[in-house]
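Single-structure report; data block below.
The values are calculated or read from the model by the stated rules, or taken from the named source; none is laboratory data. Predicted model only: the values in this text are computed from it and were never measured. Neighbour counts run over all protein chains shown; Cβ positions are idealised from the backbone, glycine included.
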Amino acid sequence: MEEKKTGMFTQFKKDVRKRMLTGLLLILPVYVTFFVVKFLFSFVGGTLAPVIKKVLQFYGVVLPKTTVDEFIITFIGLILTFVALYFIGIFAANFLGKAIINYFENLLTKTPVIRNIYSSVKQIIHAVTLPGKQAFKRVVLVDFPKTGTKSIGFVTGSTQHNNEKKLLTIFIPTTPNPTTGFLIFTPEEDVIDSNLTVEEAFKTLFSGGVLTPKDIITAAKVSGNRTSY
């Protein structure tokens, strides 16, 4: 009788653990998504919130006192931000807008310290967002941090060593935070192309390997049939 009770209790614990794990796997993505959206909402909408408050104060409107009022102002700020971006895009597309933007860009690129920051940030944003300028061109496997140990790498471009030997620039992200990592320069023959898409590679990295595809297929090296960048 005692053994039967113990068995039932053990099964009950397993069922509880299983249900809790199932609930966690369902709620955790929603939870993380909520906080990311909340951050973006507050960041983008909150940019114009002080301006909106100043305008309301100027016209004698009572400033918000509740959370609902703050939400409404932030939401209005979000809408105005998108509207402003739209009209800035229209302005930047015409002749006058291009001339003004070029003037200020030249001013920024000639200012010490600022020019380095501005140029770097602009290049990174263009590489990530503009069509045809993918930041990550290929998903490869490389020997890192030592020979015989394979790591996921993203080919981001190429350069030359002493104006002779071509080297690929490869970003090797860390896990589970792939926004940081290592940059290495290595010859083409030292990398192995994989069948992973950029999305699959990031899923693998974010999950710490839990969501790794069952079979990572690598491409055989074929002389004269390599992608050039």
Inset, instruction - Give the residue that is nearest to residue 203 (Cα to Cα), with candidates limited to residues of region 26-78 that are in contact (Cβ under 8 Å) with a residue 24 or more places away in the chain and among the aromatic types (Phe, Trp, Tyr). - result: 41
Inset, instruction - Looking for whichever is surrounded by 10 or more Cβ atoms within 10 Å (Cβ to Cβ) and either of a type in the set (Lys, Arg) or at pLDDT 80 or above (or both) here; the options are 22, 10. Which one fits? - result: 22
Legend entry - Extreme residue, farthest from residue 207 (Cα to Cα), among residues of region 145-168 that are under 24 Å from the mean Cα position of the chain (by Cα) and surrounded by fewer than 17 Cβ atoms within 10 Å (Cβ to Cβ): 158
Legend entry - First in region 192-206 and assigned by TED's automatic domain parsing to the domain that holds residue 153 and closer than 14 Å to residue 218 by Cβ, second anywhere and crowded, with 20+ Cβ neighbours inside 10 Å and of a type outside the set (S, T, N, Q), Cβ under 7 Å, 6 or more apart: 192/140; 193/140; 194/139; 194/140; 196/139; 201/139; 201/152
Legend entry - Positions within region 44-66 being at pLDDT below 75 and exposed (fewer than 14 other Cβ atoms within 10 Å of the Cβ), in sequence order: 61, 62, 63, 65, 66
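For (1) at pLDDT below 85; (2) part of a loop (DSSP other than H, G, I, E, B); (3) over 18 Å from residue 144 (Cβ atoms), each residue gets a yes or a no:
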residue	(1), (2), (3)
176	yes, yes, no
184	no, no, no
189	no, no, no
193	no, no, no
196	no, yes, no
200	no, no, yes
203	no, no, yes
213	yes, yes, yes
